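This structure is in structure tokens; I'll ask about it shortly.
The values are calculated or read from the model by the stated rules, or taken from the named source; none is laboratory data. Source: prediction; values computed, not measured. As a convention, Cβ positions derive from the backbone with ideal geometry for all residues, glycine included, and neighbour counts pool all protein chains shown. Just the protein is used for accessible areas: all its heavy atoms, side chains included, with ligands, DNA and RNA removed. Shrake-Rupley method; radii C 1.70, N 1.55, O 1.52, S 1.80 Å.
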Amino acid sequence: MNVTPSASGPTDRRAATLVMACLGVFVAYLPVTTVAVSLPAIQAALDASTAQLSWVQDAFVLPMAAFILTAGVFGDVHGRKKVFQAGLLFSAVGAAVALAAQSIQVLWIGQALAGLGAAALLPTTLALISHAVPDFRERGKFIGLWATSLLVALAVGPLIAGVILDHAAWRWIYLLAIPISLTAMVLAARLLTDSRAPHGRRLDWPGQITATLAITALVYGVIEGGAGSFTDVQVMLALFIAVVSGVAFVLAERRSDSPMLDLTLFRSPAFTATTLIAMITFLALIGFFFLLSLYFGLVQQLDTLQAGWRLLMVTAAAIVAGQPVGRLMHRVSARWLITVGLLVVSGSLFSLTTVDADTSFASIAWRLALLGLGMGGVLTPMTATAVASVPHHLAGMAAAGNNAFRQVGGALGPAVLGALLTARALDTFPGHLADAGVTEATRQSIVETAHTGGLGAVAQMNLGGSTGQALGAVGDAFLDGLRLCLIVAAALALLAALVSVILLRTPRKAATATVTAATNASGHAPSATSAGAVLTAPGEGRTQT
């Protein structure tokens, strides 16, 4: 199963795996925030419409969500080291294509290639850690550092983009990923030990095709429905395809002797809980970050670097919280770590409903820091529990499954919350224009522009003496929508906390008995650690608690 390691011993091998895993997840997540804060510059440079611009990020997220399960299986079958290196290569090529893009369509291609790279990197980095560190307590520390690297990528992205956009064109935001990816590829060839699932897994093409169709159609339908109407024929067709493909996926996986996602994993309450929590939480948080970037730019009129420093409050606090939480995981139940973290997230989101156009940095900073502390308390135990709740040979599948649902939530977040914000803002916008004293004729023109191109398009209009009044009304309408979205996001965090309380509650004695039984049966410590079931490979029987 293993290739002879090039490291000098187990400790060196674990350290090398950790470094490579952290580099991999950093490369995977770096495009998320660097591109998000650079969208206005991209739009101006490539003369892109609002609809075209929305697909810049979606071109990255869709392949990542659609192919992340396949990447996990491919690593289990052909070797996780190979898939890890392939992910780095796709990331570098995608960044290079985007760097050279002269049109929005070529940029989409670059983003899609980078998304494929991220799909390969996310499950394999976790599976490599799980293989190199079989002890679940020590593995928790490693996954804490993995999660920290993810947060560092999200934190430095806006700052990198802000500095670059102050001195150069938007395309140079893609440069950094190229040398990091290529260097990591070279180091991985020397330092990583390859591993694969020992139970004869093979690729599941029916599962892959139906999963890709379901995820793509669902995200497309929600995005287009939010931008237009959910009664549009193409939107209804997309959602219908998503439902049919989802049912076909379940049927295909139930009948397959080597499924891409073994549905018996969901018999583990721990895996089911963390998967649902990942999807719900990332729907709320990624949607929130999308809206927060718009708030800083559209309402507070901040430049990219200023917005980046404010976003850093969230990720910096999450990084600070991540390491202590990782050390607490073998003393405090993941159930309570995750639940408390989600309650903190929800409270911070509710507290942000009072912000307005004149809210100072000091006033908003503590709320963003509180949000980051909550995130840091959730991410590490959530990820570690998902991987630890299944046996060793299914680590890649569990990591891929958890990441797939997380990315689906992340893809839906901006679409769902963006649709809510747009609907609420456009509903209140005419009233704010009237309150600002804008004449009826001008008001009608402004409202028509907002319905066609979004609230941001109003800033491009030549309104003469009414410009200030119109922009003030834009800010007020945006805040109306933002407050609604914050309430929804906070409610989603509360829902995720409820899932944690209900499903992550296996008694300690039962969990200990399960681990002991599995150890006696297999001769080595299993990767199941807390709430859930010990699952064996299909056809070998299952022991459940």
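Based on the Kirkwood radius over alpha-carbon pairs, what value in µm²/s does the Stokes-Einstein equation return for the translational diffusion coefficient of segment 119-249 at 20 °C and 1.002 mPa s?
Value of D from the Cα-based Kirkwood radius: 113 µm²/s.
At 0.890 mPa s and 25 °C, plugging the Kirkwood radius over alpha-carbon pairs of segment 304-426 into Stokes-Einstein gives what diffusion coefficient in µm²/s?
Rounded, D is 151 µm²/s.
Using alpha carbon coordinates only, what is the Rg to Rh ratio of segment 11-194, with Rh defined as the Kirkwood radius? Before the final figure, lay out the partial values.
Numbers: Rg = 16.4 Å, Rh = 16.5 Å.
So for segment 11-194, dividing Rg by the Kirkwood Rh gives 1.00.
Using a simple charge model, +1 on the beta-carbon of Lys and Arg, -1 on the beta-carbon of Asp and Glu, nothing else, what dipole does the chain show about its Cα centre, in debye to the nearest 20?
Charge dipole of the chain: 2220 debye, to the nearest 20.
Protein chains only, probe 1.4 Å: how do Glu224, Glu440 rank by accessible area, largest first?
Glu440, Glu224
Shifting gears a bit: Calculate the FRET efficiency for Arg255 and Ile502 from the Cβ-Cβ distance with a Förster distance of 41 Å, rounded to the nearest 0.05. Write down the numbers at each step before the final one.
Values: r = 30 Å, r/R0 = 0.74.
So the FRET efficiency works out to roughly 0.85.
Right, next: Relative contact order of the chain, please, whole-number percent, based on alpha carbon pairs below 8 angstrom and at least 6 residues apart. Could the numbers behind the result be given before it?
Details: 1018 pairs, mean separation 110.3, N = 545.
Computed value for the chain: 20 percent relative contact order.
Now for a separate question. Take the alpha-carbon positions of segment 198-353, form their convex hull, and give its projected area averaged over all directions (one quarter of the hull surface) in nm².
13.4
Multiply the residue gap between Ser363 and Arg327 by 0.36 nm, knock off their C-alpha separation, and tell me the result in nm, one decimal place.
Roughly 9.8 nm would be gained on extension.
Over segment 355-471, what lengths in whole Å, largest first, do the semi-axes of the equivalent ellipsoid take, defined as the square roots of 5 times the eigenvalues of the alpha-carbon gyration tensor?
In descending order, the three semi-axes are 45, 19, 9 Å.
Here's a follow-up. If you wrap a convex hull around the C-alpha atoms of segment 9-104 and split its volume per residue, what is the figure in Å³? Please report the intermediate quantities before stating the final value.
On the way: hull volume 9.9 nm³, N = 96.
Hull volume normalised by residue count: 104 Å³.
With a 1.4 Å probe and all protein chains kept in place, how much accessible area does Thr275 have, in Å² rounded to the nearest 10?
Accessible surface of Thr275 is approximately 0 Å².
Continuing with the same structure: What number comes out for accessible area per residue over the chain if the probe is 1.4 Å? Units Å², please. Write out the running numbers ahead of the final one.
Values: 21360 Å² over 545 residues.
Per residue, the chain has 39 Å² of solvent-accessible surface.
Treat segment 302-367 as a sphere of radius equal to its Kirkwood radius over Cα pairs and apply Stokes-Einstein at 20 °C in a medium of 1.002 mPa s; give the translational diffusion coefficient in µm²/s, rounded to a whole number.
On the way: Rh = 13.8 Å.
The calculation lands on 156 µm²/s.
Please compute the Kirkwood hydrodynamic radius over segment 205-257, one decimal place, Å, based on all pairs of different Cα atoms.
11.2
If you don't mind, another one. Looking at Met185, Phe60, Ser103, which one has the Cα that reaches farthest to the positive end of the dipole of segment 11-194 (charges on Cβ: Lys, Arg +1; Asp, Glu -1)?
Met185
Here is a follow-up. What FRET efficiency comes out for the pair Asp47/Glu448, r = Cβ-Cβ distance, R0 = 30 Å, nearest 0.05?
The computed FRET efficiency comes out at 0.90.
What distance in nm separates the two pseudo spin-label positions at Trp336 and Ala441, each 7 Å out from Cα along the beta-carbon direction?
6.9
Based solely on its DSSP helices, what 222 nm [θ] is calculated for the chain when runs of n ≥ 4 H residues each add -39,500 (n - 2.57) and the sum is averaged over all residues, nearest 500 deg cm²/dmol?
After summing the helix terms and dividing by the residues of the chain, the value is -26500 deg cm²/dmol.
Could you tell me which of rounded, prolate or oblate describes segment 242-285, using a ≥ b ≥ c as the square roots of the eigenvalues of the alpha-carbon gyration tensor, with rounded for a/c under 1.5 and, failing that, prolate when a/b is larger than b/c and oblate otherwise?
Judged from the Cα gyration tensor, segment 242-285 comes out oblate (a/c at least 1.5, b/c at or above a/b).
How many nm is it between the label spots at Ala491 and Asn462, if each spot is 7 Å from the Cα in line with the beta carbon?
Between Ala491 and Asn462, the simple spin-label model gives 4.5 nm.
Which of these values of Cα extents along the principal axes in Å was calculated from the structure shown: (1) 80, 62, 46; (2) 80, 47, 46; (3) 67, 62, 40?
Read-out taken from this structure: (2).
Percent of accessible area on the chain owned by carbon and sulfur, 1.4 Å probe?
Reported share for carbon and sulfur atoms: 66 percent.
How much accessible surface area, in Å² rounded to 10, belongs to the heavy atoms of Thr216 with a 1.4 Å probe?
50
Here is a further query. Based on Cβ point charges of +1 for Lys and Arg and -1 for Asp and Glu, what charge dipole magnitude is obtained for segment 11-194 about its Cα centre, in debye rounded to the nearest 20?
480
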